[in-house]
Amino acid sequence: MPSRLPTKGDFSHSISLSITPPPSSHQPTNVLILLHGLGDTSTSFTRLAQQLSLPETACISIQGPNPLPFDLGGFHWGNDLVFDQNTGEMDVDTGFQTSTHLILHNIIREGLIGKCGYKSRGIMVFGYAQGGMVGLQVAAEFEEEELGGIISIGGVLSLSLSLKALDKKSRTPVLVCKGSKSSAVSDSAVTKLKDAFEFVEIKEWKKTGDGMPSNREEMLPIMQFFARRLRSTQGVPAGSAELT
């Protein structure tokens, strides 16, 4: 059956999410799943979906399942919450089995493929930091065919990734964007990505840290990746989306 625009009723009521339809008159040929970073909410990535306005693409911004403690606000994707005793900062990598199952089984397999009629090739994931780590683990553990692609901003593969997921390289293409200084995407993290995926592209931005893209130059490789990987019934117009 042809794919249709997802609704909140297609997914578990326990999952907090927002759905942004494609531009008017466009068919929802693709779905882009958006995963925020540690301590954020789905609201910021709902705004991102509206800014992107990708042709023939519905966007689903999903909120991490676990709230931060102490009324800090925001949510996280980890199995647990661990604070570094030396710095007091939260550990980003505390395992993502629960969140991975939520995205992989409830959102992708049951909802998008089972109820909405999408092919796996038409499903992409964009994640920031901890959300990018979840997106990469989802793709590594997706045993069927390839997904449309994973874009991770500063996120790497979790240390808790199962050995089974490394038995066979995933054919899902991956784009990882990182800062040129103080990046979480180390050389060893890149090696692990290339052990898990057949197609890995690393884009290094000329800035410190792994913040979200803030200008046209930083956004360009992401839009080029979308242009290569989004399925289209009418072609992807050049320069159709730009972050402001």
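Numbers at a glance
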{"item": "Computed over segment 144-220: relative contact order in percent, which uses C-alpha pairs under 8 Å that are six or more apart", "result": "35"}
{"item": "Segment 108-242 - percent relative contact order, Cα under 8 Å, separation 6 or more", "result": "20"}
{"item": "Principal-axis tilt of helix 216-229 within the chain, Cα atoms, nearest 10 degrees", "result": "60"}
{"item": "Cross-link pairs K119/K207; K169/K206; K115/K206; K8/K203 - those with Cα-Cα distance over 32 Å", "result": "K119/K207; K115/K206; K8/K203"}
{"item": "Extension gain (nm, one decimal) between S188 and Q51, 0.36 nm per residue minus Cα-Cα", "result": "46.0 nm"}
{"item": "Whole-Å semi-axes of segment 197-236's equivalent ellipsoid (Cα gyration tensor)", "result": "23, 14, 7"}
{"item": "Protection proxy ranking, peptides 51-61, 176-186, 29-39, average beta carbon neighbours within 10 Å, highest first", "result": "29-39, 51-61, 176-186"}
{"item": "Cut-off 15 Å (backbone N to label point 7 Å along Cα→Cβ of R109), residues of segment 1-42", "result": "12"}
{"item": "Label of the coordinate-derived value, Rg and Dmax of the Cα atoms in Å, listed as [x] 19.6, 72; [y] 21.8, 74; [z] 16.8, 55", "result": "[z]"}
{"item": "Along principal axes, Cα extents of segment 1-46, largest first, whole Å", "result": "36, 22, 13"}
{"item": "Segment 1-82 - percent relative contact order, Cα under 8 Å, separation 6 or more", "result": "32"}
{"item": "Residue-wise HN-Hα coupling along segment 179-192, computed from phi with Karplus coefficients 6.51, -1.76, 1.60 (Hz; x: Gly, Pro)", "result": "x, 6, 9, 6, 9, 6, 8, 7, 4, 5, 5, 5, 4, 5"}
{"item": "Selection from T43, A189, G149, by position along the positive dipole direction of the chain (Cβ)", "result": "G149"}
{"item": "The chain: calculated mean residue ellipticity at 222 nm from DSSP helix runs of at least 4, using -39500 (n - 2.57)", "result": "-6500 deg cm²/dmol"}
{"item": "Three-way shape call for segment 100-244 based on the alpha-carbon gyration tensor, with the a/c threshold at 1.5", "result": "oblate"}
{"item": "For segment 194-220 versus segment 1-43, the gap between their alpha-carbon centres in whole angstrom", "result": "24"}
{"item": "³J(HN,Hα) computed for each position of segment 205-210 - Karplus, 6.51 cos²θ - 1.76 cosθ + 1.60, integer Hz, glycine/proline x", "result": "8, 7, 7, 8, x, 10"}
{"item": "For D91, residues with placed amide H under 5 Å, excluding near neighbours", "result": "V82, F83, D84"}
{"item": "Kirkwood Rh, Cα atoms: Rg over Rh of segment 76-132", "result": "1.14"}
{"item": "Interchain or long-range residues, amide H under 5 Å from F197's placed H", "result": "S170"}
{"item": "Segment 32-137: radius of gyration over Cα atoms, expressed as a fraction of 2.2 N^0.38 Å", "result": "1.12"}
{"item": "Charge dipole magnitude, Cβ of K and R +1, D and E -1 - segment 1-139, Cα centre, debye nearest 20", "result": "820"}
{"item": "Note, ³J(HN,Hα) from phi for segment 131-142, Karplus 6.51, -1.76, 1.60, rounded to Hz, x at Gly and Pro", "result": "x, x, 5, 5, x, 5, 5, 4, 5, 5, 9, 7"}
{"item": "Long-range amide H partners of C59 with built H, under 5 Å", "result": "T20, L32"}
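Throughout, read-outs are computed from the coordinates displayed, never taken from laboratory work. The shown structure was predicted, so the numbers you read here are calculated from the model rather than taken from an experiment. No Cβ is skipped: glycine too gets one built from the backbone with ideal geometry, and neighbour counts run over all protein chains shown.
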